[in-house]
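Here the structure is laid out as structure tokens; the discussion comes afterwards.
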Amino acid sequence: MLRSLVGSEMCIRDSINAEYGTPRQTQMRVARALGPVQSRSCSTMASADSVIVDRLGSMRLVTLNRPKALNALNLEMIRGMYPMYQEWQANAGVSMIVQQGAGTKAFCAGGDVAALYKSKVNGEGEPGVTSNFFQEEYKLNHLIGSSNKPVISLLDGITMGGGVGLSVHGDFRIVTERSMFAMPETAIGLFPDVGGSHFLPRLPGQIGMFLALTGARLRAADLIYSRIGTHFVPSDRLEELIDRLQQLEAPAHMMRESIELALSEVEDTPEGHFTLQEHRDKIDGLFSGETVEQILAGLDADGTEWATKQAGLLRKMSPTSLKITHRQIREGASKDLAECLQMEYDMTQACMANKDFFEGVRAVLIDKDNTPVWHPTELDQVSVSDVDAYFQAAANALTFDE
């Protein structure tokens, strides 16, 4: 169980009082600090906890600690993280938040959707979890997106679903040669949530629509190309990066620039194939269709191996998910993060009231037969009014703390 650190920051250093030179001198001094670092941690959470927080000077190192579950995000973790992150906003002794996953396989492989399935189908877990999970997860996503302290996420390994929501709205998304990123929600009867309607349409061209509909997996080179990742750092230099970040001492208004300089000392160019760049013209042309049907028709007409593969993928997805996702990405382009998350919350509650999400989770995560039976089974059976229903206001609207 995560034990709250809120209100227990007595041992943390107060705001730095040292005299600073020019901004450039300060940045260079703090970003180029080298050599072994003596831990200034006042306390470390027990390793059995689902979230571990190390207090390293003014840095907070948050480790998602469910490696056997690929650090999947559950409600317990969300409820521990949110009040801490909220308290840190007003704490002058906290300069930055660094997030990482335990082990080498994943940052966070998604939200614990299996728990939602068990609650709905088997009656397990707390009452109202199908509402509470999304409400509380999205509030944490919004807090990270509006944080006045830089949030740095080390996306070493798998990052999907809930892990995307924890990272993509922050300032720095560090990828490594082990990174694998995806938003595969249309394959389980959902849609790319956790703010997907905000960040996906803001990617170059139609990359966001392509990722949202197909659930395509991206490696380091494509993550940098798409601007989902901000920096590439080899995995064997992550500890060095953490050491450098721990040593940074700069005024709050210069901290982001200092972090950039610290990253410049360890970042590199990712190896590997730029698949997005190779197919960029087709992505931008074919995934700009006004409807999912138009996109599929264009892929079929193109007839290349790549286009045929994408069409085959789309035909395996929930038809309802494809249609609500297409509209979600289009509408999200003109909304801010809060508005996107509110829209997505309304959509989740419609998904919780229908069949496809639970059928998708059953097929992919519970029985693992990978043969979901969608309701309905064809795109032309999903009407405009069916799609509209997913965008109606939920009974208990999502609101955010001031």
Helix 238-247 sits off the longest principal axis of the Cα atoms of the chain, rounded to the nearest 10 on a 0 to 90 degree scale, by 50 degrees
Restricting to lysines and to Cα separations under 29 Å from Lys105, and discarding same-chain partners fewer than 8 apart, the set is Lys68, Lys118, Lys139, Lys149, Lys309, Lys316, Lys368
Which of (1) 465; (2) 158; (3) 143 is the computed volume of the Cα convex hull per residue in Å³? It is (3)
Given the candidates Gln328, Leu211, Phe274, the one whose Cα lies deepest towards the positive end of the charge dipole of segment 195-332, counting +1 at each Lys or Arg C-beta and -1 at each Asp or Glu C-beta, is Gln328
For segment 335-385 the GluC sites (Glu not before Pro) that pass both the DSSP coil test and the at-most-12 other-Cβ-within-10 Å test are Glu378
Amide H neighbours of Gly111 at under 5 Å, excluding residues fewer than 5 places away on the same chain, with H built from the backbone geometry, are Leu73, Gly162, Gly163
Rounded to the nearest 10, the angle in degrees between the Cα long axis of helix 292-302 and the longest principal axis of the Cα atoms of the chain comes to 80 degrees
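Computed over the Cα atoms of segment 122-193, what is the convex hull's projected area averaged over all directions, in nm²?
Details: hull surface 24.1 nm².
Average of the hull's projected areas for segment 122-193 equals 6.0 nm².
Can you tell me how segment 300-355 classifies by the Cα gyration tensor, rounded, prolate or oblate, using a/c under 1.5 as the rounded cut? Show your work: numbers first, answer last.
Details: a/c = 4.25, a/b = 1.75, b/c = 2.42.
Oblate, since a/c reaches 1.5 and b/c is not below a/b.
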With all protein chains in place and a 1.4 Å probe, Val384 shows an accessible area in Å² (nearest 10) of 110 Å²
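Relative contact order of segment 163-293, please, whole-number percent, based on alpha carbon pairs below 8 angstrom and at least 6 residues apart.
Values: 161 pairs, mean separation 38.7, N = 131.
The value is 30 percent.
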Mean accessible area per residue over the chain (1.4 angstrom probe, all protein chains present, square angstrom) is 42 Å²
Of the candidates Gly285, Tyr390, Leu337, the farthest towards the positive dipole end of segment 268-402 (Lys/Arg Cβ +1, Asp/Glu Cβ -1, centred on the Cα centre) is Tyr390
Computed for the chain: size of charge dipole around the Cα centre, +1 on C-beta of each Lys and Arg, -1 on C-beta of each Asp and Glu, debye to nearest 20, value 660 debye
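Rounded, prolate or oblate: pick one for segment 253-402, where a ≥ b ≥ c are the square roots of the eigenvalues of its C-alpha gyration tensor, a/c under 1.5 means rounded, and failing that, prolate if a/b is larger than b/c, else oblate.
On the way: a/c = 1.81, a/b = 1.19, b/c = 1.52.
Cα axes put segment 253-402 in the oblate bin.
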For Met96, the residues 5 or more places away or on another chain with a placed amide H closer than 5 Å to its own amide H are Arg60
Rounded to the nearest 10 degrees, the helix 113-122 long axis (Cα) sits at an angle to the longest Cα principal axis of the chain of 50 degrees
Residue by residue through segment 309-326, the couplings from Karplus 6.51 cos²θ - 1.76 cosθ + 1.60 with θ = phi - 60°, in Hz, x for Gly and Pro, are 5, 5, 4, x, 4, 4, 6, 8, 7, 4, x, 5, 4, 4, 6, 6, 5, 4
The long-range amide H neighbours of Leu56, using H built 1.01 Å from N in the peptide plane and a cut-off of under 5 Å, are Leu61
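Please give the calculated 222 nm ellipticity per residue for the chain, where each DSSP H segment of at least 4 residues contributes -39500 (n - 2.57) and the sum is spread over every residue; nearest 500 deg cm²/dmol? Intermediate results must be reported in sequence, preceding the final value.
Working: 18 runs with 170 residues, N = 402.
After summing the helix terms and dividing by the residues of the chain, the value is -12000 deg cm²/dmol.
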Residue-ordered couplings for segment 332-346, obtained by feeding phi - 60° into the Karplus form 6.51 cos²θ - 1.76 cosθ + 1.60 and rounding to whole Hz (Gly and Pro as x), are x, 4, 10, 10, 7, 4, 4, 5, 5, 5, 5, 4, 5, 4, 4
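Need one number: % antiparallel among DSSP beta bridges in segment 118-243, to the nearest 5. Before the final figure, lay out the partial values.
Numbers: 1 of 10 bridges.
The antiparallel proportion sits near 10 percent.
Express the carbon and sulfur contribution to the solvent-accessible surface of the chain as a percent, rounded to the nearest whole number, probe 1.4 angstrom.
51 percent
Return the percentage of antiparallel bridges among DSSP beta bridges fully within segment 50-99, rounded to the nearest 5 %. Mind showing how you got there, number by number?
Details: 6 of 10 bridges.
Once the DSSP bridges in segment 50-99 are tallied, antiparallel ones form about 60 percent.
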Candidate cut points under GluC sites (Glu not before Pro) in segment 72-126, DSSP loop plus at most 14 other Cβ atoms within 10 Å of their own Cβ, are Glu124
For segment 268-331, listing GluC sites (Glu not before Pro) in a DSSP loop whose Cβ sees at most 16 other Cβ atoms within 10 Å gives Glu271, Glu290
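The values are calculated or read from the model by the stated rules, or taken from the named source; none is laboratory data. In this text, all values refer to a predicted model and were calculated from it rather than measured experimentally. Virtual Cβ from ideal backbone geometry, glycine too; neighbours counted across all protein chains shown. These accessible areas exclude ligands, DNA and RNA; they are computed on the full protein's heavy atoms, side chains included. Shrake-Rupley method; radii C 1.70, N 1.55, O 1.52, S 1.80 Å.
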